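**Student:** A single structure is presented below for examination.
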Amino acid sequence: MSELVCKGICKKYKEKEVIKNIDLTLESGKIYGLIGRNGAGKTTLLSLLSSQNPVSGGEITYNGQNIWENKEALKHICFSRELNPTSNNGVGTLKIKDYLKTASIYLPGWDSAMAERLVSEFELDVKQRMGKISKGMLSMVTIIVALASKAEYTFLDEPVSGLDVVMREYFYKILLEEYAESGRTFLISTHIIEEAASVFEEVIMIKKGELLLKENAEELVSRAFHVSGKAEEVDAATEGLLKHQVENHGRSKGLTVLLEPGQQIREGYDIKIQSLNLQNVFVALCGIGEK
Amino acid sequence: MNEILTQEKSIYLQISEMIESDILRDIILEEEKVPSTNELAKLYSINPATAAKGINILVDKGTLYKKRGIGMFVSKGAKEEIRERKKKEFSEYFVKKMLTEAKSLGITKEELIAMIREGNEL
């Protein structure tokens, strides 16, 4: 059992601190979901974890070995970056097949048969230039790189962005197939939370560069509740609990609570208690107005 | 008025049921104005036509009435009327469902009554 461990990592871009003192352990053989709002630091975190970007403080280790410029450790890690046709790193002028060829050189575990199979399943024309294809097709290329890398730790940054719903469902299907077969660890960031919720074993939420929580997805959802009703009743039933996204409308009130062990919503009040999905929980914790 | 909408039921039904339960809980009183279609649309991020459909169900039942140019109001006696209707629905829906389930589990009438008594004491 290998593990990838971050200890107190920070990242500063000039004065701006985008990752603040994150401790995180990724265990092998799990699918992790990485969620956070725009600018929360998801992509930066993934780039640090894959040593594509140096940390400003702290340390990241693979089985106890610091990963920075560590060729042996980095063999086990692949971060397939989100591609942008207009990015100025020259990717736009490459043909798909050349991009994949480049990836095959850099990634020691490259499975060319798998790459070819996915290219044909995605119906990509490998002779097209990366700058000319659609956003969805670029996402497909990043997915192919990630899956064919066969890396033990594979990070995907918004793999489904730009994909239509059919392709999104198809992506999760092939991801799960690969996972079942290989037991690789995947860390996947996405904004389309509900579609991916059932795929994630654990959820890592980051907020303004800080780690908000890392928890089993189902356990997290099972301790979150939305309480609504007459304001006095809601207040009485949730007294002493930490409240999120409190909304008032006339005499009515609604709020979300995340119960800690030993906590409960008090019984005997005329209120409505509703369970939430992962997306609701995320909005409750990271929504507008949440400190 | 602050419930979250679910996927399990049509949105317009959830809107009308929410208003009914708010009337039952004295969150909206009789002869008070209920939120307008546009307010509901904004509150739940739903299409105003859907919100209107939910409101219209209650107008048809007589729970709400329209004051021209002002908005929708809760009718006098609406709370009692809703309570009576819900009671009827309770016996038709919950009780019937409970009896079916009890039957399939082989729970006798006596056992069921004992269970209800026990539950009532909590």
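Laboratory data are not the source of any read-out in this text; all were calculated from the coordinates shown. Since the structure is predicted, the reported quantities are computational estimates derived from the model, not experimental observations. So basically every Cβ, Gly included, is an ideal-geometry build from the backbone, and we count neighbours across all protein chains shown.
**Student:** Could you look through the range B:110-122, keep only residues that are out of contact with any Leu (no Cβ under 9 Å at 6 or more places or on another chain) and more than 23 Å from A:E267 (Cα to Cα), and pick out the one that is surrounded by the most Cβ atoms within 10 Å (Cβ to Cβ)?
**Tutor:** B:E111
**Student:** Counting just the residues of the range A:67-86 that are of a type outside the set (A, V, I, L, M, F, W, C) and touching a residue at least 24 places away in the same chain (Cβ under 8 Å), which one comes out farthest from A:Y106 (Cα to Cα)?
**Tutor:** So, considering only residues that are of a type outside the set (A, V, I, L, M, F, W, C) and touching a residue at least 24 places away in the same chain (Cβ under 8 Å), the one farthest from A:Y106 (Cα to Cα) is A:T86.
**Student:** Considering only residues of the range B:37-88 that are in contact (Cβ under 8 Å) with a residue 12 or more places away in the chain and of a type in the set (F, W, Y), which is surrounded by the fewest Cβ atoms within 10 Å (Cβ to Cβ)?
**Tutor:** Top of the filtered list is B:F73.
**Student:** Output the number of residues of the range A:39-66 satisfying the condition of being in contact (Cβ under 8 Å) with a residue 60 or more places away in the chain and over 16 Å from A:L211 (Cβ atoms).
**Tutor:** Total meeting the criteria: 3.
**Student:** Right, next: Taking the range A:267-282, which residues are more than 10 Å from A:T256 (Cα to Cα), aliphatic (A, V, I, L, M) and not in a helix (DSSP H, G or I)?
**Tutor:** A:I271
**Student:** If you check B:M18, B:M98, which single one turns out to be of a type outside the set (F, W, Y) and either away from every other protein chain (no Cβ under 14 Å) or surrounded by fewer than 16 Cβ atoms within 10 Å (Cβ to Cβ) (or both)?
**Tutor:** Unique residue meeting the criteria: B:M98.
**Student:** Write out, first by first residue and then by second, each pair whose Cβ atoms fall under 6 Å of each other, whose residues are 6+ apart or on separate chains, and whose first residue, in the range B:21-36, is more than 9 Å from chain A (Cβ to nearest Cβ) while the second is crowded, with 16+ Cβ neighbours inside 10 Å and part of a loop (DSSP other than H, G, I, E, B).
**Tutor:** That search, which allows pairs on different chains as well, returns B:V34/B:I28.
**Student:** So, in the range A:1-37, of the ones that are outside any strand (DSSP E or B) and in contact (Cβ under 8 Å) with a residue 24 or more places away in the chain, which residue ends up surrounded by the most Cβ atoms within 10 Å (Cβ to Cβ)?
**Tutor:** By that ranking, first place goes to A:G36.
**Student:** What are the residues in the range A:228-245 that are more than 9 Å from chain B (Cβ to nearest Cβ) and not polar (S, T, N, Q), if any?
**Tutor:** A:E232, A:D235, A:A236, A:A237, A:E239, A:G240, A:L241, A:L242, A:K243, A:H244
**Student:** Residues that are more than 30 Å from A:S2 (Cβ to Cβ) and without any contact (Cβ under 8 Å) to a residue 12 or more places away in the chain: which strands (runs of 3 or more DSSP E) entirely in the range A:181-259 hold 2 or more of them?
**Tutor:** Once the strands (runs of 3 or more DSSP E) in the range A:181-259 are filtered for at least 2 residues that are more than 30 Å from A:S2 (Cβ to Cβ) and without any contact (Cβ under 8 Å) to a residue 12 or more places away in the chain, what remains is A:243-249.
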